[in-house]
Structure formats: structure tokens, C-alpha cells
Amino acid sequence: MRVSEILALVGTYKPAYRKPIAPEFLAAASELCDIYVAGSNEARADIRSTISLNGSRVMGVLASRLAVEAVRQSSPDLIHKALIALAIEDCQFDSRDSTICLSMVFNSAVKLGVDVPQVFNEVAAISGARGAKLLLTWLGREPKLQALSAFYLAEGTNPEGQFAYISTKS
């Protein structure tokens, strides 16, 4: 798919409370991450500036899913792709949502032994101003403010017994 087609598709996403996001949205968002990485600075800026609010929500969901899949598959590459999804999302919807998502990506990266400062700085270098700020300020946070518990999250398992992030909020 071309960038314009992907952006149009993810832009059609309509959030629905407690309904899973359709796989075609996540597949398109994943493809957009690959295009973003391979693109020029101008192309990246164009993607960030033209993605819709609903499209940015899809990118946030993708980043959260990739944080989980990275642990399940022991794949540092998925950590990188999750950060790219957040770079594209660029805190467009709400930086608090982006921060919660980043907490899961960070936890997964640490769990996998990823060089967190290196990968965060690498992605910050190809991010917009808001995304770069999110990544770089995260590195300066106190550990207690990086902990999953600060976001009412914990490591757990889903009903199938697979790794998952679970809410600790009642």
C-alpha cells in the first residue's frame, strides 16, 4: 500500500469501547512503521502531520500490542517498531495516553535486556518534537515514575496463559 492509502485506512478507525481493533488496521499501521523508518526526514514529517486523530489512536494501540508481543516472542525488533509507532503517533491524541503506552514498551525493553537509552535516542532522532520530548524525558524520569505501578499496570497473563499487561485499577 502507498502511504496515502495507509493513512486513509487507519483514519477510518472508529474507536469502540471494549471492542478489539480489527487486524487490518494493525497490519496497515505496522506497514506504516516500516515506511516511516525507510523514509526521509521530510517524508516522516509528512506522515506525522497528516495522520488523523483516529489514525494516531491506531498507532498507540499498535505500540501497546507490540510491547506485549516483544516479550512473548523475545524480540527486541518489536520494541523498536513500538517506539516507531509512538513516533508516528507523536502524542497527537493525548500525551498521557502516549506515556502509559511508553511505560509498557519501556518495561518490555528492560525485560528483554535492550539498551534502552540507545534505542530511545535512536528513535527520538527520527521523531517529531513531541515524540522526541516524550522519549527523552522518559529517560530522565526517576525509576519509580517509570514503573508500571505508576500507571496502574502490572505484568500478568491473559486467559490463554500468555504474557500480558494488566490493569491494577479496580
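None of the figures in this text is laboratory data; all of them are computed from the coordinates on show. What you are looking at is a predicted structure, and each value in this text was computed from that prediction instead of being measured. Here the Cβ is made from the backbone with ideal geometry for all residues, glycine too, and neighbour counts use every protein chain on show.
Would you please put 129-136, 68-75, 28-35, 80-87 in order of how densely packed they are, using the mean number of other Cβ atoms within 10 angstrom per residue and starting with the highest? It would help to have the intermediate numbers written out before the result.
Details: 129-136: 18.6, 68-75: 16.8, 28-35: 20.1, 80-87: 26.6.
Ranking, from highest mean packing down: 80-87, 28-35, 129-136, 68-75.
So if each residue of separation counts as 0.36 nm, and I subtract the Cα-Cα distance between residue 1 and residue 160, what length gain in nm does that give?
Working: separation 159, 0.36 × 159 = 57.24 nm, distance 3.33 nm.
The span from residue 1 to residue 160 would gain 53.9 nm if fully extended.
Sorted by average packing, counted as other Cβ atoms within 10 angstrom per residue and highest first, what order do 145-152, 158-165 take? Please list the in-between numbers first.
Numbers: 145-152: 15.1, 158-165: 11.8.
My ranking of the peptides, most packed first, is 145-152, 158-165.
Please identify the DSSP H helices in the chain that span no less than 18 Å along the helix axis (Cα) and have a mean Kyte-Doolittle hydropathy of 0.5 or more.
Details: long enough: 23-38 (23 Å, 0.91); 53-73 (30 Å, 0.43); 76-89 (20 Å, 1.04); 95-111 (24 Å, 0.38).
Helices meeting the criterion: 23-38, 76-89.
Using helices alone, what [θ] at 222 nm do you get for the chain, with -39,500 (n - 2.57) per DSSP H run of 4 or more residues, divided over all residues and rounded to the nearest 500?
-20500 deg cm²/dmol, from helical runs alone.
What is the extension gain from residue 22 to residue 112, computed as 0.36 nm multiplied by their sequence separation minus the C-alpha to C-alpha distance, in nm to one decimal? Spell out each step's value before the answer.
Values: separation 90, 0.36 × 90 = 32.40 nm, distance 2.77 nm.
Working it through step by step, the gained length comes to 29.6 nm.
For the chain, what is the largest minus smallest coordinate of the Cα atoms on each principal axis, given in angstrom and ordered from greatest to least?
That gives 38, 34, 27 Å along the principal axes, largest extent first.
Under a point spin-label approximation (7 Å from Cα along Cα-to-Cβ), what is the residue 12-residue 42 distance to one decimal in nm?
Result: 3.0 nm between the two label points.
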